[in-house]
1. Identify, by number, the condition in (1) in contact with a Pro (Cβ under 9 Å, 6 or more places away or on another chain); (2) of a type outside the set (Val, Ile, Thr); (3) not in a strand (DSSP E or B) that Asp33 doesn't meet.
2. Looking at (1) part of a loop (DSSP other than H, G, I, E, B); (2) farther than 20 Å from Ser125 by Cα; (3) in contact (Cβ under 8 Å) with a residue 24 or more places away in the chain; (4) not hydrophobic (A, V, I, L, M, F, W, C), which one does Pro96 not meet, given that it meets all the others?
3. Within segment 40-66, which residues are part of a loop (DSSP other than H, G, I, E, B) and either surrounded by 15 or more Cβ atoms within 10 Å (Cβ to Cβ) or among the hydrophobic types (A, V, I, L, M, F, W, C) (or both)?
4. Specify which of the listed residues (Gly83, Gly28, Gly47, Gly43) is farther than 28 Å from Gly115 by Cα, of a type outside the set (Asp, Glu) and assigned by TED's automatic domain parsing to the domain that holds Gly127.
5. When only residues in segment 99-112 that are of a type outside the set (A, V, I, L, M, F, W, C) and either under 30 Å from Cys27 (Cβ atoms) or in contact (Cβ under 8 Å) with a residue 12 or more places away in the chain (or both) count, which is surrounded by the fewest Cβ atoms within 10 Å (Cβ to Cβ)?
6. Which of the residues that make up segment 1-30 are without any contact (Cβ under 8 Å) to a residue 60 or more places away in the chain, under 26 Å from Thr108 (Cα atoms) and more than 12 Å from the chain's Cα centre (by Cα)?
7. For the list (1) in the same structural domain as Glu122 (by TED's automatic domain parsing); (2) over 22 Å from Val107 (Cα atoms), I need the number of the one condition that Ala59 fails.
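The values are calculated or read from the model by the stated rules, or taken from the named source; none is laboratory data. What you see is a predicted model; the values in this text were computed from it and never measured. Quick reminder, even Gly has a Cβ in these numbers, built from the backbone with ideal geometry, and neighbours come from all protein chains shown.
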Amino acid sequence: MAAQIPYVGYLRLGDDPHLVAQECQSCGALFLDRRNACASCGGVEFGSRRLANEGVLRAFTIVHRATPGVRVPYVSAIVDTDGGGVVKANVIGIDPVPEQVRLGMKVTLTTFVVGTDAEGTEAISFGYRPA
């Protein structure tokens, strides 16, 4: 297997890929990016919290225009993960047509290769697929 690195810092690879959020120790708010202060309560202490790989589709749009080199159409979505946490990601493994996507549908985290460097190291990103 080629060496792999996560495309974003909050994706953990290995036998059980998953996302890790920063959790405010004061109010429990979750953030996927690094924070100096909580946007909810202003707290400055954070811990790590693993997000569930399963969730439900809260909102979506089917994107028909993108920068050159990005294949369209695709489904861009907001996913509420089981047990807390909100993630913006693409839904893959589904036809990007309104008849195939529905609010409240169950989805599961998946990973895929988005690029490979000259040494063969693969950059791995994530999305969700229908459960």
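1. (1)
2. Only one criterion in (1) part of a loop (DSSP other than H, G, I, E, B); (2) farther than 20 Å from Ser125 by Cα; (3) in contact (Cβ under 8 Å) with a residue 24 or more places away in the chain; (4) not hydrophobic (A, V, I, L, M, F, W, C) is unmet by Pro96, namely (2).
3. Cys41, Gly43, Val44, Leu51, Ala52, Asn53, Ala66
4. Values: Gly28 fails: assigned by TED's automatic domain parsing to the domain that holds Gly127; Gly47 fails: assigned by TED's automatic domain parsing to the domain that holds Gly127; Gly43 fails: assigned by TED's automatic domain parsing to the domain that holds Gly127.
Of the residues listed, the single one that is farther than 28 Å from Gly115 by Cα, of a type outside the set (Asp, Glu) and assigned by TED's automatic domain parsing to the domain that holds Gly127 is Gly83.
5. Keep residues of segment 99-112 that are of a type outside the set (A, V, I, L, M, F, W, C), which gives 99-100, 102, 104, 106, 108, 110-111.
Next, from what is left, pick out any that are either under 30 Å from Cys27 (Cβ atoms) or in contact (Cβ under 8 Å) with a residue 12 or more places away in the chain (or both): 102, 104, 106, 108, 110-111.
Working: Arg102: 10, Gly104: 8, Lys106: 13, Thr108: 14, Thr110: 16, Thr111: 16.
In this case the residue turns out to be Gly104.
6. Pass one, segment 1-30, residues without any contact (Cβ under 8 Å) to a residue 60 or more places away in the chain: 1, 9-10, 12, 14-16, 20, 22-30.
With the extra rule that they be under 26 Å from Thr108 (Cα atoms), the set shrinks to 1, 9-10, 12, 14-16, 20, 22-24, 28-30.
Residues satisfying the conditions are Met1, Gly14, Asp15, Asp16, Gln22, Glu23, Cys24, Gly28, Ala29, Leu30.
7. Result: Ala59 fails condition (2) only.
To keep it simple, each residue is scored yes or no on (1) at pLDDT 95 or above; (2) surrounded by fewer than 17 Cβ atoms within 10 Å (Cβ to Cβ); (3) part of a strand (DSSP E or B); (4) among the small types (Gly, Ala, Ser).
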position	(1), (2), (3), (4)
Val8	yes, yes, no, no
Cys38	yes, no, no, no
Ile78	yes, yes, yes, no
Lys88	yes, yes, yes, no
